[in-house]
Each structure stands twice: as structure tokens, then as C-alpha cells.
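Q: Pasting a structure below so you can have a look.
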Amino acid sequence: MAFSTLTVTRNANTGIARRTAQGREEAERLEEFLSATRAGAVPALLVQARHRRADMLAEPDRVLAEIRSLHERWPADWYVVDQLSYAVTLALHCLDLPYASFCPGHPSYLTQTPGALFGVPYAWPRAVRPAASDLLALRGEAQANDSAFTALFAEFAARHAPHLPAPGRAFALSSPRAVVVNYPQLDWLPGRREFPRYVFSGHCTRPDTAGLGTHWESEVRRLRQAGRRLVLVALGTFLAARDDVLEAVSRGVLDACPEASVIVAAGDRASALGHLAGPRVTIAETVPQQALLSRVDAMVHHGGNNSFTECLSAGVPALVLPFSSDQFSIAHDAERAGAGLCLNPHGLTPREAGTGVAALLRSPWPSLEALGDQVRSLGPTRAARRLMALMA
């Protein structure tokens, strides 16, 4: 196995977003995004839509040249590309190289149904319902992106591959053969064309052979002694910066669930939240999330794809607090699937958060059990075998 670095975008995230070494403009965009999440769902989505113009197709000529050079050195039978790496997909299309697409987020990231726009949730959870005027503004911004990117794709393909069919709608461009989706195949998801073939992996976790390690084993024992139930709170690498929400959730659990203890993944805000640490609370910069999910009774997360599917695989109910991106679509699916509850993080109070977590801990979740069985029967190994068969 060989590795070669390919820089697709100037944005970077190597764990804790604010500590990632990147350019001034990229760091400023991160802060602008985090500030927008404090204003609500649509302001955050609008900022993301505007940022896409600078992020998602920054240097397509360089990317194509580097992939051509890579293929000349190590000619591959076929490639797997992240669906969000649009410059790579466009390059593979123009070089006429066979590839499969991997969709790391909600399946609606592939905008193949009429009226679908990248950056506009296909469905909203009950707790987050923007006003019609706000949705109209969001759709307008997303449509402008759709038109602009499609024109850029067409111009780029006309220069580099005039002998090939035009790529069509930019955000719908994917492998014509196979798309792997890190998601369960839920009955109500948007319809799909006959081709490409979809492979639903259900989850991308693997059996934890290393265990928690000495430190976290000790922490889990300590917290269980103080509270017989255990709640994991993690908002992802970017949104851990929202320490106001992390604090509201932590205080809410302490007040509403006297039988529960809390583990909080706080990123670079761990020191700022250190005053919460105590017999029933552990504050850490990062946590071994997949390993911990087998040891907790509930999770509070932001509606990220990995957190959602990892909770399903572990059979853990979740309180979802969506801020941006596809998180609103995932929160809707979590509610509809009976896998958890959703609250609006905008203006979230400790009382609301505590009531939500208490409901998770005190209610049975039979639908989650059934869906968890389905998700566990899938997984990355089975998805890889199916993909190999489709690409053979």
C-alpha cells in the first residue's frame, strides 16, 4: 500500500478545527461560520453556501495535473473519491478514469432528484422549522451556487475533455457506476436513478479491539460510581467550539438526571469548561467516541453522519442538536426512525437540554433496536465487497 498527498482544498481540519494550521482566510471563514451558528440554522447555511465558492473548486487545474501524474506513476484500475471532493471528481471525469464515489454525509448530498439543491436540507426536524422567507433566501443562494458551479464544470470540461459528454449539474456529478453511502437505507429517503448503483454501508465503524485504555476505563468506573447512567456529549471537531451549548447540556443533565454522569468532548474549549468537572462530569479535549458508545446510555451530538450511524450501530439513543450542513436532514431521519430526539441548539436552555436527555434515559426505544440490528448487519467490509463486485 502506498500513499501520496493530494491537496484538494485550502481548508484543513486535522482534529480540533481551531488548532489546525491553515491560511488566514481559511481561519477567518471558520470563525465566521462559528459566529453564524449562534444566529440560527439559516444564517449558518447561508454562510456555508457563500464559503463554498472559495473552498470547493479552488484549484481544479492543479488537481487534474496531479491526478494525471499520479496515474502515470501508479496506474490504478479504478478510484474511490469523496463525493465532496468536487475537484477530484471533475478531474477523474475529464481524464476518463473509472471511479466509485463515496458519500460521507446524508444521501441527499447527491442532488439527483428534481428540485434538490446542495446546501438545502431535504427535510427539517420538528424543532427547527425556518420561516418561508428564510427558506426562500437559502434556496436562492443555493441555486446561484448550483448554476455557477455547473457553468464552471462545463467550461473546465470543454477545455480538458471536449471529446467527452458534459458533466451536467455540478453537485450531481458522481460515478456512473457505484456510490457508497455511509448511511442506512431508510424507506423515506429521496428517490434515486437506476444508475449509479447505491451501496448503503449502514456504518463505517469497526470492532474495537484495543478497548478504552486504562485512563478511560478508570474514568468510566469513576463516573458510574457517582451516577449509574452515563451520557456522552460531543458536537464534532468544529462545533465543540460552541462551549455555551456544551455547558447548557452538561448543567441540564446534572439538574434533570441525578442518576446520570456526563462525559463532554470540548475540543479547545476544555479549559473554559473546566469549572464543570467533578464527581459526575469529565471534560476532555477529545474522546474515543466509538469505544465509549458501547459503554454509555445516551449521547448528545450535532447530527453529524458518523455520530448518527455510530449511535445506531451501538444501539444508543441520541439527542440531536443540528447546527449546519446536512445535520438538519440527519436530525429529521433520527426522529422519524425512532432513534432519538431533536432540539434546536439556538437559544437552548439547560432545562430544555436536561428534559431531552431525561426522556432518552427513561423511554424504551424499540425502533432503535430494530434499526440497530439492520445497521450492524451491514458495515464497511460488506460494503467493500459489494463495491468490488460492482466495479469488477
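Q: From the residues in the stretch 126-140 that are among the basic types (Lys, Arg) and in a loop (DSSP other than H, G, I, E, B), which one is nearest to Val320 (Cα to Cα)?
A: Arg126
Q: Could I ask something else about it? Please verify whether the stretch 320-340 includes one or more residues that are surrounded by fewer than 24 Cβ atoms within 10 Å (Cβ to Cβ), in contact with a helix residue (DSSP H, G or I) (Cβ under 7 Å, 6 or more places away or on another chain) and without any contact (Cβ under 8 Å) to a residue 40 or more places away in the chain.
A: Yes, there is a match, as at least one residue in the stretch 320-340 is surrounded by fewer than 24 Cβ atoms within 10 Å (Cβ to Cβ), in contact with a helix residue (DSSP H, G or I) (Cβ under 7 Å, 6 or more places away or on another chain) and without any contact (Cβ under 8 Å) to a residue 40 or more places away in the chain.
Q: Out of everything in the stretch 277-308 that is within 15 Å of His106 (Cα to Cα) and out of contact with any Pro (no Cβ under 7 Å at 6 or more places or on another chain), what residue ends up being surrounded by the fewest Cβ atoms within 10 Å (Cβ to Cβ)? Show your work before the answer.
A: We begin by selecting, within the stretch 277-308, every residue within 15 Å of His106 (Cα to Cα); these are 302-308.
Now narrow it down to the ones that are out of contact with any Pro (no Cβ under 7 Å at 6 or more places or on another chain): 304, 306-308.
Values: Gly304: 24, Asn306: 17, Ser307: 25, Phe308: 29.
Among those residues, the one meeting the criterion is Asn306.
Q: If you take the residues in the stretch 95-125 that are in a loop (DSSP other than H, G, I, E, B) and small (Gly, Ala, Ser), which one is surrounded by the fewest Cβ atoms within 10 Å (Cβ to Cβ)?
A: Gly115
Q: Looking at (1) touching a Phe, Trp or Tyr at 6+ places or on another chain (Cβ under 9 Å); (2) buried (at least 21 other Cβ atoms within 10 Å of the Cβ), which is the only condition Gly354 fails?
A: (1)
Q: Just to be sure before I move on: is Ala314 of a type in the set (A, V, I, L, M) and farther than 30 Å from Leu117 by Cα in the structure I sent?
A: Spelling it out, Ala314 is indeed of a type in the set (A, V, I, L, M) and farther than 30 Å from Leu117 by Cα.
Q: Would you mention how many residues in the stretch 219-276 are within 23 Å of Leu30 (Cβ to Cβ) and either surrounded by 19 or more Cβ atoms within 10 Å (Cβ to Cβ) or at pLDDT 95 or above (or both)?
A: Restricting attention to the stretch 219-276, the residues satisfying the condition of being within 23 Å of Leu30 (Cβ to Cβ) are 233-249, 264-273.
So of that shortlist, the ones also either surrounded by 19 or more Cβ atoms within 10 Å (Cβ to Cβ) or at pLDDT 95 or above (or both) come out as 233-249, 264-267, 269-273.
Residues in the stretch 219-276 being within 23 Å of Leu30 (Cβ to Cβ) and either surrounded by 19 or more Cβ atoms within 10 Å (Cβ to Cβ) or at pLDDT 95 or above (or both): 26 in total.
Q: Return the residues of the stretch 172-187 that are part of a loop (DSSP other than H, G, I, E, B) and touching a residue at least 40 places away in the same chain (Cβ under 8 Å); say none if nothing qualifies.
A: Selection gives Leu173, Ser174, Ser175, Arg177, Asn182, Tyr183, Pro184, Leu186.
The values are calculated or read from the model by the stated rules, or taken from the named source; none is laboratory data. Because the structure is predicted, anything quoted here is derived from the model rather than measured. Counting neighbours? That spans all protein chains shown, and the Cβs are built from the backbone with ideal geometry, glycine included.
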